[in-house]
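To start, the structure itself, in structure tokens.
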Ligand SMILES: [Zn+2]
């Protein structure tokens, strides 16, 4: 894996508020929110005249919004017409791919500055429609007719991990609890509440209605109760990420122009992408994602870094099991050992390896095509020391990573960032 | 006269399923077996296949019990109070396939286990006067 031919810097990053915004906000509105937020984060300002292309990551505006061809639409809204405006699709990894392609285009010398857009407006469809659209990211020939849903495929993977490594439902729950603790500190997150807070408000509501108050001792009791219904065994509602509308925007610049925008660029020193068979039944291993391992291998090799060098990481927790597997696939922990580290608090905000300080897809939300770019937004903030509320980690972040997984693991994109 | 060999396409595979046969393709060069069928052997990059019938026996490789199902399964009457089991089955011949697992207690998924031996069961559904056949499995 060669080094990038030219250094590429992240000079600005921002996002819209994530949440259920339709019909008050649609793709164009969300994207402009993200653009303005990112512009405000560029130290010396940035203008559309400075930008050579707009790379758009979007999963399925075609099915969610009956709108294809999103690239030129998004570019036009921010004054980038007639510059190149391609759209990239790789399910939930769509804007991770857009970011990677922008890095490669700048490194190659074709472009100097690129705006990366990630955008998705999902709530235009009812939940059943969203579930069906998400299912098209998995194999529609053989898995879907057998009843597979998106949560169903991750539940299936979880059963294999539980069987092989003894992973428990409490292990899964710890991931959700931790990510909600982070999301409550993120003003851009969809659910800014800890699971404990949600439990207490549920109790309060039942008391007010004169109903029996459940004797939940802690979050685990609450999460095992009927208030957290099963979706696809062993995954319950609070093991699943959210249905979200949102957008994110990143500004990337070549080394020789980056200083025009900021004195403190964040360098993207490693990029990797991997793939896997779309159907789970065509994979050799159901307890790990080969696409993640391949993407990570490439990114580590390009940057010259090792897993132990990474200080924080945003991983793709579309389901709680996915965060556990990611920690193993990225080489932070041995296979089957991540749950012990999570139990010890290592991945909390004040732990040795904070994971998903943004709140993750679980609490921040998961507008699928925007998620990869939003991962980079959190890393930008943490490395700059500008993460809101009480979310900023207590050490100087010099080396960080993002991990963006598509569908049930058919695509993965990994990036490494250094100051 | 030898029988006309069906082309190694998805439709041929599905037609076998409709006739309640689980068929795969076997590479005549290296012996690798593919279910669902494939025309190209990705082990040796040749397209030199023959049809082979699977025994239909295997083990659960992974599974889930789904309460929020796909529209087809909702139409079949599955849902919150009647979950269904989606499974990945490792066939005795080696390949893995996806299918609904029936004959288990879907509402007590803790009682279903990985490695549990299963056998093929073709599942019939009446839709608009026509019978649809899907690949499924049940405990052996
Ligand atoms: Zn072969």
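The values are calculated or read from the model by the stated rules, or taken from the named source; none is laboratory data. Quantities reported herein were computed from a predicted structural model and do not represent experimental measurements. Heads up, the Cβs are rebuilt from the backbone with ideal geometry, glycines too, and the neighbour counts pull from every protein chain shown.
Brief remarks on what is shown
- Region B:27-43: number of residues that are near the ligand (Cβ under 7 Å from one of its atoms), within 13 Å of chain A (Cβ to nearest Cβ) and crowded, with 21+ Cβ neighbours inside 10 Å: 0
- Within the span defined as region A:355-364, one or more residues are assigned to a helix (DSSP H, G or I), over 17 Å from residue A:326 (Cα atoms) and modelled with pLDDT of 95 or more.
- Test: residue in region B:58-66 that is in a helix (DSSP H, G or I) and within 13 Å of chain A (Cβ to nearest Cβ): no
- Residue in region A:86-94 that is in a helix (DSSP H, G or I) and either buried (at least 24 other Cβ atoms within 10 Å of the Cβ) or in contact (Cβ under 8 Å) with a residue 12 or more places away in the chain (or both) present: yes
Yes/no matrix, rows are residues, columns are (1) without any contact (Cβ under 8 Å) to a residue 60 or more places away in the chain; (2) within 16 Å of the ligand (Cβ to nearest atom); (3) at the interface with chain A (Cβ under 9 Å from one of its Cβ atoms); (4) touching a strand residue (DSSP E or B) at 6+ places or on another chain (Cβ under 8 Å):
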position	(1), (2), (3), (4)
B:17	no, no, no, yes
B:24	no, yes, no, yes
B:55	yes, no, no, yes
B:78	yes, no, yes, yes
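- For region A:253-288, a residue qualifies if it is part of a loop (DSSP other than H, G, I, E, B) and either over 30 Å from residue A:151 (Cα atoms) or more than 14 Å from chain B (Cβ to nearest Cβ) (or both), and the qualifying residues are A:262, A:263, A:264, A:265.
- Out of A:335, A:297, one residue alone is part of a helix (DSSP H, G or I), surrounded by fewer than 20 Cβ atoms within 10 Å (Cβ to Cβ) and more than 17 Å from the chain's Cα centre (by Cα). It is A:297.
- Number of the condition not met by residue B:48 [criteria: (1) more than 16 Å from the ligand (Cβ to nearest atom); (2) touching a strand residue (DSSP E or B) at 6+ places or on another chain (Cβ under 8 Å)]: (1)
- Check on residue B:94, in a loop (DSSP other than H, G, I, E, B), within 12 Å of another protein chain (Cβ to nearest Cβ) and within 16 Å of the ligand (Cβ to nearest atom): yes
- Put simply, of A:387, A:341 the only residue that is surrounded by fewer than 24 Cβ atoms within 10 Å (Cβ to Cβ) and assigned to a loop (DSSP other than H, G, I, E, B) is A:387.
- All helices (runs of 4 or more DSSP H) inside region A:122-199 with 2 or more residues being under 28 Å from residue A:285 (Cβ atoms) and in contact with a strand residue (DSSP E or B) (Cβ under 7 Å, 6 or more places away or on another chain): A:150-165
For every residue, the table says whether it meets (1) surrounded by fewer than 16 Cβ atoms within 10 Å (Cβ to Cβ); (2) at pLDDT below 95.
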{"site": "A:137", "(1), (2)": "no, yes"}
{"site": "A:162", "(1), (2)": "no, no"}
{"site": "A:200", "(1), (2)": "yes, no"}
{"site": "A:212", "(1), (2)": "yes, yes"}
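- Residue among B:86, B:73 that alone is within 8 Å of chain A (Cβ to nearest Cβ), surrounded by 17 or more Cβ atoms within 10 Å (Cβ to Cβ) and within 20 Å of residue A:162 (Cβ to Cβ): B:86
- Residue count for region A:203-226, restricted to those that are closer than 27 Å to residue A:126 by Cβ and within 14 Å of another protein chain (Cβ to nearest Cβ): 1.
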